[in-house]
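Below is one structure, written out as structure tokens; the observations come after it.
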Amino acid sequence: MEECSTGALVPAVKPEPKPSSIEASADPGSNDVDRPTHEKGLTEVDKDLLCPICMQLVKDAFLTACGHSFCYMCIITHLRNKSDCPCCGQFLSTNQLFPNFLLDKLLKKASARQISKSASPVEHFRQALQQGCEVSIKELDTLLTLLAEKKRKMEQEEAERNMQILLDFLNCLRKQKVEELNEVQTHLQFIKEDIGAVERRRMDLYRARDRYSVKLRMLGGDDSISGARKSWPSSIDNNTSSLSGRAGMSSWNLQSKKLDGWGLQKKDALSASDSQYMTQSGLAVARKKRVHAQFDELQECYLQKRRQMANQPYIQQERDKNVIQREGYTTGLADFQSVLTTLTRYSRMRVIAELRHGDLFHPANIVSSIEFDRDYELFATAGVSRCIKVFDFSSVVNDPADVHCPVVEMPTRSKLSCLSWNKFTKNHIASTDYEGIVTVWDVNTRQSVMEYEEHEKRAWSVDFSCTEPTRLVSGSDDCKVKVWCTRQETSVLDIDMKANICCVKYNPGSSNCIAVGSADHHIHYYDLRNPSQPLHVFTGHKKAVSYVKFLSNYELASASTDSTLRLWNVKENIPVRTFKGHTNEKNFVGLTVNGEYIACGSETNEVFVYHKEISKPVTWHRFGSPDLDDTDDDAGSYFISAVCWKSDSPTMLTANSQGTIKVLVLAA
């Protein structure tokens, strides 16, 4: 990805012109404020002691043949450029300069007088002692006593200032710690209330489980022995799958006591229950480990949600109207439980299918975009191979064949950068290419429906509106965002920006709002009804913004080549969270979102998955190459180039720069 940056010139500060000798002589007092102290007290007679060139007291006075005195350096510098006297204009050379000893003496005396006028009493006393003035012992005692008192007073004042500084620091520290204590007490109160609510909820679940166990035992007791003998194997499977843990074991013990002579079957049932219990126990331990691994992040998430609900009681009341909450079970706690459940549910990604994009012998197989259709039955791929390929998802997943053929292929004139399916018309898909052409295709006829060629440079991104089936938006390196209508041959709206456009996306809840990611490191959020200026500009990324995706009508995720993802609230115009863990410094590596998770690629040839409430990755998967050894030098040059979730399911399509496409699923 190319970034456009122009170096800004620092504005030069214009120097103030120096006054000429004529102006200085006309208004000799105009610059008194800017002159040194020893000049302010000079009389009008002493003005003759100033150098006519620099208008300062003459330093190292030299006399010319025409009778004028100047600073030595001033007259030498003048004679390097001209051969005349600055005062009278007569011819003058360096051979006609002579030291002016008399003027030097006068200057020294004038300087001494001025210093004596501005000297402090201590300086006067020091000069008097140096000049040998006689001072009596009584006068010295008086003076020493005065100096000692002055010293003690100054020390006292300094000690008071130091004490005040220390007191201010301690008061500030106490205030901070009191606030922290109050915050901790508030948090402890939250935790205490929630522990009680969870304990009550858990007891309700235990009672419900016991009721179900009793009903199952009653249903099992009504069966005859012969019926039980006939259906024994299947009943074991059904009951062991319905009951979990030791409760399932105890119920099977009670039921097996009713049946005499079935010791072998009883033993098998116990073994199955033990195995299931061990499996459930192992999963519980694994989920606890995931909690401890993300404990700090989860703690902050819990406290944030509890504080948010406590600070916004009206929102809590509105939400409580729609959700029946149990006693003490707050909305904040319910939200956090949802986060905790989804976060600990998965720990890895499993490959369920893999296919190769493009020709095995084609050197350029980078998949730049991969997208599902409206019903998540088909998915399309595009890249530098100049072809859009459409695959049947179920066939790819269920067919064990090594080579999967696309159901549709549509060749293009140029390399492709982005795809977007129409959210209403299932067979329509839009593409952008490296020549700046935006094309709408009909997958059924394999022909282009519309072609727009208004962009002047490479177009990076295109997106169909989720609410208006005929509208789509595109962004290009020509620094323009264009809105199109499939019923018109020209753009219906243009937005000129100052930097390259890397990505565009419609808000899923509105056909008027779009997010634009730019090479200027910012995200510009526009209302197309007033495109003259954005509603808000989100700042925070340090490099170009390569992708923007909406999780909901107000949650926006962005990716950048600064190796971070960011989550924004476009309703309140605030940053929410920053995600770090992957590597992205120069390439388009893909970004995809669903209700809870954000996934992106990495230049380390890995796919990273984040939960939207946690800034660290939940899990990641590294692409392996069957054709290259991991020690191969070229193996490190591959990167993930496209990712796409299958709706809100845990299934995801991923592709890398080698042309390998994998279907991944989140697993425990």
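The values are calculated or read from the model by the stated rules, or taken from the named source; none is laboratory data. These numbers come from a predicted model, not from an experiment. Virtual Cβ from ideal backbone geometry, glycine too; neighbours counted across all protein chains shown. Areas reflect the complete protein model, heavy atoms only, side chains present, ligands, DNA and RNA absent. Shrake-Rupley method; radii C 1.70, N 1.55, O 1.52, S 1.80 Å.
Taking (1) within 20 Å of residue 571 (Cα to Cα); (2) open to solvent by 10 Å² or more (accessible area, probe 1.4 Å); (3) in a strand (DSSP E or B) in turn, residue 517 satisfies each apart from (2).
Report, by residue number, each residue of the stretch 583-610 that is touching a residue at least 60 places away in the same chain (Cβ under 8 Å) and buried (at least 24 other Cβ atoms within 10 Å of the Cβ). Result: 588, 590, 592, 607, 609. Checking 335, 375, 402 one by one, the residue that is assigned to a loop (DSSP other than H, G, I, E, B) and either crowded, with 17+ Cβ neighbours inside 10 Å or at pLDDT 90 or above (or both) is 375 and no other.
Could you count how many residues in the stretch 525-540 are of a type in the set (Gly, Ala, Ser) and open to solvent by less than 80 Å² (accessible area, probe 1.4 Å)? Within the stretch 525-540, residues that are of a type in the set (Gly, Ala, Ser) and open to solvent by less than 80 Å² (accessible area, probe 1.4 Å) number 1. Scanning the stretch 466-495 for residues that are part of a loop (DSSP other than H, G, I, E, B) and either of a type outside the set (S, T, N, Q) or modelled with pLDDT of 95 or more (or both) yields a count of 9. Across the stretch 378-397, the qualifying residues are those that are modelled with pLDDT of 90 or more and of a type in the set (S, T, N, Q), and the one among them that is surrounded by the fewest Cβ atoms within 10 Å (Cβ to Cβ) is 394.
Here is a check on your reading of the model: is residue 414 in contact with a strand residue (DSSP E or B) (Cβ under 8 Å, 6 or more places away or on another chain), small (Gly, Ala, Ser), in a strand (DSSP E or B) and open to solvent by less than 70 Å² (accessible area, probe 1.4 Å)? Judged against the criteria, residue 414 is not a match. Among the criteria (1) in contact (Cβ under 8 Å) with a residue 40 or more places away in the chain; (2) farther than 30 Å from residue 668 by Cβ; (3) not in a loop (DSSP other than H, G, I, E, B), the one residue 343 does not fulfil is (2).
Cβ-Cβ distances below 6 Å connect the following pairs, each with a first residue in the stretch 564-578 that is under 16 Å from residue 534 (Cβ atoms) and in contact (Cβ under 8 Å) with a residue 24 or more places away in the chain, a second residue that is open to solvent by less than 20 Å² (accessible area, probe 1.4 Å) and hydroxyl-bearing (Ser, Thr, Tyr), and a separation of six or more residues or different chains: 570/525. Among the residues making up the stretch 495-514, a single one is farther than 13 Å from residue 545 by Cα, touching a residue at least 40 places away in the same chain (Cβ under 8 Å), open to solvent by 40 Å² or more (accessible area, probe 1.4 Å) and not small (Gly, Ala, Ser): 508. Among the residues of the stretch 614-625, at least one is open to solvent by 20 Å² or more (accessible area, probe 1.4 Å), at pLDDT below 90 and in a loop (DSSP other than H, G, I, E, B). Scan the stretch 148-169 residue by residue and report those that are more than 36 Å from the chain's Cα centre (by Cα) and more than 24 Å from residue 122 (Cα to Cα). Hits for the stretch 148-169 are 159, 160, 161, 162, 163, 164, 165, 166, 167, 168. Checked against (1) of a type in the set (S, T, N, Q); (2) open to solvent by 30 Å² or more (accessible area, probe 1.4 Å); (3) in contact with a Lys or Arg (Cβ under 7 Å, 6 or more places away or on another chain), residue 558 meets all criteria but (2).
No other residue among 123, 39 is open to solvent by less than 100 Å² (accessible area, probe 1.4 Å), at pLDDT below 75 and in contact with a Leu (Cβ under 7 Å, 6 or more places away or on another chain) apart from 39.
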